[in-house]
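Down below is the structure, laid out as structure tokens.
The values are calculated or read from the model by the stated rules, or taken from the named source; none is laboratory data. Quick caveat, the model's predicted, so the values are computed rather than measured. Glycine gets a Cβ as well: all are built from the backbone with ideal geometry, and neighbour counts include every protein chain shown.
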Amino acid sequence: MMIENVISRSLRLMFAGGMALSMHAAYAQEATDGTMQRVEVTGSSIKRIASEASLPVQSFNQKDIKKTGVTTVTDFIQQIPAMQGFSVAADSVGGGGGGVTTASIHDIGAAYTLVLLNGRRIAPSNSGTTIDLNSIPLSAIERVEVLTDGASALYGADAIAGVVNFILKKGASPLEINAKYSRPEEKGGASNSISISKGFGDIDEDGYSIFVSASHDEQKSLKASQRSFAKSGIINFNDPKTGKALQFINGSSRSAPGNATVDYNRTDPVTGQVVINPDTNKPFVDNVNLNPYALTHGGKCAASNMDFYGDGNCYFDSPSTIEINPESKRDSLFSSGTVKLGKTGFQGFYDLAYTEARIIASIAPYPADFSVPVGSPLFNKYLAPNLTPAQLANATDAIAKYRLSEMGNRVYDYGTKATHIVAGVDGNAFGWDVNSAVTYSKNKQTQKYVSGFPLADKFDAQIAAGNIDPFAYPVGSMPDAMRQALLGTGFSGTYNTQTVEMKGIDGRASRPVFSLPGGTAMLGVGADYRNTSFKVQQADVAKQAQILFDNQQVDSEYARDNAGAYAELMMPISKKLEMTGSVRYDQIGAIDDKLTGKTVGKKENATTWKISGKYSATKNVMFRAAAGTGFRAASMQEIAGPLEDWGVTGGNYQCPLTAANGMGGHPLASYCSGVGRQQFEAFQGGNPDLKPETSKQWSIGTVFEPIDSLSMSFDLWNVQINDQVTAVSEGLIFNNPAKYAELFTTKHISSTGKDVLAVKLLPINIGKVENRGIDYDFTHKMKLLDGRLTTRLMGTYLLRSRYTTPGTNDQWETSLNRYGSNDKVSFRNIIRATSTYETAKFTHTLSASYRNGYTDKEQTADDCAVIVAGSPGECYGIQLEVPSYTTFDFQTAYRPMKNVEITGGILNMFDRNPPFTLRNTGSHQVGYNPSYSSALGRQFYLSGSYKF
């Protein structure tokens, strides 16, 4: 296979030149003199020597992070091969990301990946458990531990896929300043960061220690026009099989200058009488689409618009106007401290983290629909001359579909303020290692509309006064007085605020309990309680639908209690065999709706378990295995959320409730009358009847060292989730209208006074999900000349990734190596390889990242997202094969003095563009998929650190 040949060639090249993976440091550190300290390892509540751990934990220290050249926690976590299915910053470009970035282990989902800060939970970014990685400061991280195995029996229901634990710096350290600047070779997307840190005191000598760190980072936006592969939504390409010239068309019927749709009563061509529908006893209504500008310019659409379907509309090239990578800014403060509590043997400790982060996303100018009354000046000037006498005589109303390009792009400012405070004690009492703490964590997100949003009353008044002409002026040619009138209708300010607060208390303890042939058995016990509240406060502009074409938004406020207790027993059966068992009881309360005073859903509880073991066959060979269960309740919004506006669908669809689809009898079928291919209105909301999800998972693996300098590990894992909660994708709804008939509804459009067909994107229990794969890690270390060469290869190979069709429990689908009905791709092969050569003064690192190719989204002739070039309306069905994506990075660090390090590097050395894809759902970027590749291209960076 071509894909496999690419892999093998790449790996031969890497190893032949001594270039392999150094993505993370070997878990076992080089031996040092003195007693090894027992610590808590992610995935266990029992303190032990780190190298004794039997679970598949990947550990990354500061050096490993720095070698990647990344600036943010998000960028680092999302390049780990075991991570798939996460949210990226680019999802905020019209994709509903809301500025949130996430972690997702093994493509199972962010809701199933538990993210901890110093081993404790932090406030989520939503009403569930998903953590926004933007709230975690990279400069304060000491190391990151990733447990790639389920851990619900220890941490709770949302650790089904695994755990990401960020361990932050602490203790005495010199004053250190770090600064970095990075910029792509092409324009756009430059970034910079600066941080300062200092540690005070020694816990043994002074009785206390304090660490403080502050950082700032920012990245400039990247415009679609600044990259050739993303500069337009109208993309010319050829069918790779036939060579036929085609066009991938992405745009909107809300054009500039505007389109109009005129409704008129149907008449008998012979008698001229209005034809009555016997089912409704009302006239049949037909319509005609017009673009007055094109009709007065020889049928040619204005610049930035194109005739896609020959249906009378011009379609605006909206993807050409967006920023494909949003602007971001972040300021962070972190402090940790420890103090001896007299002679009690206990220490008091605290963690404090505060982050302010912003993502500023810019998408296409506002799409406006508004009424043009029959007989009004606009109607008489632009529409009446283009109607037949019969159409004009029987015209009932007209709707303008206009892109407000002269207002500029719609700009969203997603602001996050995250506060995390932990205070507790740690020590030994009565033979127990004890740790207990209280936690207060808050995540406040504010969505602001910066520019590009017209207020309905002001806009309607300007239209009525004739101060805005939607039909006459192409983009950039509107007279200044008219443009100022349009800008004067704009709104700027807060749209809504979301606040999540988590208050909790936890305690855990471990101790030796009895002796076995292999050593001392250890017992760990613990309990935790937390209350999580979720509140959304809509501004008046949202509650009252003051923005044109908007719908009323509602406040929501929920709270839920969670409690759990667990026990873990580690038993060294012999010198070679160790077994560990753990059990946990979870109770998740019903949801308190604070606004209505009602309880929604019901209390859920479950007992989960896990058994793991390791067998050290020889000094150089170890086998490990684990099996367990998990449990997860749906988020508060998934259960209790009100039905609220979600904008429009990502794709254009034919109205599905027609007789041709067998849906002519649907009660909403009349809303398809005269409706052509378009984007449809959408709602989202909750489902109080959701059932809990349950899971089973197992893993088996080995770690062996055939020679002292080479370490190899393989872990086969499997996760099965039943009754998983997810929303039916828009594509499934429109392609299977009979199956999802109950998900169609109507939405009232205040700007036109009309009700239109809409869909409800509601969560349901879809049945089953199964993921299976292999994680592997090869490490080789050797002395070379006057330095040390470390080569490493690390990857994840998916064997199975499938899910049942929403609403069924036996009809399986897959997104493995193909763009699935869930609008995602599950990649079989993700590999990262690095080679590091280190001397006293220099460290050189070469890295390669590989993601295999896949079968693209199928675009059928009925979808009509692809047409024959130059032939509007001649729809073409095609499905492409998206090629693999490989990038190489290089970095050199120079240490001229002990306290100084200067680093320079190149990301994407060979300037590999993202692969071309026909994806057209989700975020608004087209021509490539921002979830799986970067639009920045080749980047150069320079950083420096100085320790005083």
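Yes/no per residue for (1) at negative phi; (2) outside the structural domain of Ser255 (by TED's automatic domain parsing); (3) in contact with a Pro (Cβ under 7 Å, 6 or more places away or on another chain):
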site	(1), (2), (3)
Leu341	yes, yes, no
Gln347	yes, yes, no
Ile359	yes, yes, yes
Leu378	yes, no, no
Leu387	yes, no, no
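Within the range 524-554, the residues that satisfy the criterion of being under 30 Å from Met579 (Cβ atoms) and either of a type in the set (D, E, K, R) or in contact with a helix residue (DSSP H, G or I) (Cβ under 9 Å, 6 or more places away or on another chain) (or both) are Gly524, Gly526, Asp528.
I'm checking my understanding of the structure. Among residues of the range 440-452 that are buried (at least 22 other Cβ atoms within 10 Å of the Cβ) and on the phi < 0 side of the Ramachandran plot, which one is farthest from the chain's Cα centre (by Cα)? Among residues in the range 440-452 that are buried (at least 22 other Cβ atoms within 10 Å of the Cβ) and on the phi < 0 side of the Ramachandran plot, the one farthest from the chain's Cα centre (by Cα) is Ser441. Exactly one residue out of Gly251, Gly272, Gly258 is in contact with an Asp or Glu (Cβ under 7 Å, 6 or more places away or on another chain) and not hydrophobic (A, V, I, L, M, F, W, C), and it is Gly251. Comparison of Asp91, Asp64, Asp75 shows that the only residue that is free of Cβ contacts under 8 Å to residues at least 40 places away in the same chain and in a helix (DSSP H, G or I) is Asp75.
Taking the numbered list (1) closer than 30 Å to Asp263 by Cα; (2) under 26 Å from the mean Cα position of the chain (by Cα); (3) not hydrophobic (A, V, I, L, M, F, W, C) in turn, Gly676 passes all entries but (2). Annotation: of all residues in the range 704-732 being of a type in the set (Ser, Thr, Tyr) and part of a strand (DSSP E or B), the one that is surrounded by the fewest Cβ atoms within 10 Å (Cβ to Cβ) is Thr726. For the range 802-809, the count of residues that are surrounded by 20 or more Cβ atoms within 10 Å (Cβ to Cβ), in contact (Cβ under 8 Å) with a residue 24 or more places away in the chain, in a strand (DSSP E or B) and in the same structural domain as Asp91 (by TED's automatic domain parsing) is at least one. Determine, yes or no, whether Asp206 is touching a residue at least 24 places away in the same chain (Cβ under 8 Å), assigned by TED's automatic domain parsing to the domain that holds Thr102, surrounded by fewer than 19 Cβ atoms within 10 Å (Cβ to Cβ) and not in a strand (DSSP E or B). No.
Name the residue, out of Asn236, Asn250, that is over 26 Å from Leu668 (Cα atoms), surrounded by fewer than 18 Cβ atoms within 10 Å (Cβ to Cβ) and among the polar types (S, T, N, Q). Result of the check over Asn236, Asn250: Asn236.
Among residues of the range 136-156 being of a type in the set (A, V, I, L, M) and assigned to a loop (DSSP other than H, G, I, E, B), the one that is nearest to the chain's Cα centre (by Cα) is Ile136. Under the condition of being farther than 25 Å from Arg183 by Cα and among the charged types (D, E, K, R), the residues counted in the range 862-906 number 5. Every condition in (1) in contact (Cβ under 8 Å) with a residue 24 or more places away in the chain; (2) part of a helix (DSSP H, G or I) holds for Met794 except the one numbered (2).
Counting only residues that are assigned to a strand (DSSP E or B) and modelled with pLDDT under 90, the range 599-613 holds 3 of them. Strands (runs of 3 or more DSSP E) fully within the range 214-304 that include at least 1 residues being β-branched (Val, Ile, Thr) and within 39 Å of the chain's Cα centre (by Cα): 234-238, 245-249, 259-265. All of Lys575, Lys503 fail the test of being of a type in the set (Lys, Arg) and either without any contact (Cβ under 8 Å) to a residue 60 or more places away in the chain or at positive phi (or both), apart from Lys575. Go through the range 134-182 and give me each residue that's closer than 29 Å to Gly937 by Cβ and at pLDDT 90 or above. Scanning the range 134-182 gives Ile141, Val144, Val146, Val164, Asn178, Ala179, Lys180, Tyr181, Ser182. Within the range 157-172, does at least one residue satisfy the condition of being of a type in the set (Gly, Ala, Ser), assigned by TED's automatic domain parsing to the domain that holds Glu501, assigned to a strand (DSSP E or B) and surrounded by fewer than 23 Cβ atoms within 10 Å (Cβ to Cβ)? The answer is no; no qualifying residue exists.
Within the range 733-744, if we keep just the residues that are in a helix (DSSP H, G or I) and among the aliphatic types (A, V, I, L, M), the residue that is farthest from the chain's Cα centre (by Cα) turns out to be Ala741. Out of the range 308-337, which residues are of a type outside the set (Gly, Ala, Ser) and surrounded by fewer than 19 Cβ atoms within 10 Å (Cβ to Cβ)? Selection gives Asp311, Lys329, Asp331, Leu333. If you check Thr271, Thr267, Thr261, which single one turns out to be modelled with pLDDT of 95 or more and on the phi < 0 side of the Ramachandran plot? It is Thr261. Within the span defined as the range 378-397, every residue fails to be modelled with pLDDT under 95, within 26 Å of Asp550 (Cβ to Cβ) and under 35 Å from the mean Cα position of the chain (by Cα). Among the residues here, Thr596 does not qualify as more than 19 Å from Leu147 (Cα to Cα) and assigned to a strand (DSSP E or B). Across the range 401-439, the qualifying residues are those that are assigned to a strand (DSSP E or B) and among the aromatic types (Phe, Trp, Tyr), and the one among them that is farthest from the chain's Cα centre (by Cα) is Trp432.
A quick yes/no check of all residues on (1) in a helix (DSSP H, G or I); (2) closer than 30 Å to Thr130 by Cα:
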position	(1), (2)
Ser441	no, yes
Lys444	no, yes
Gln447	no, yes
Ser451	no, yes
Pro454	no, no
Ile463	yes, no
Asn467	no, no
Pro470	no, no
Pro474	no, no
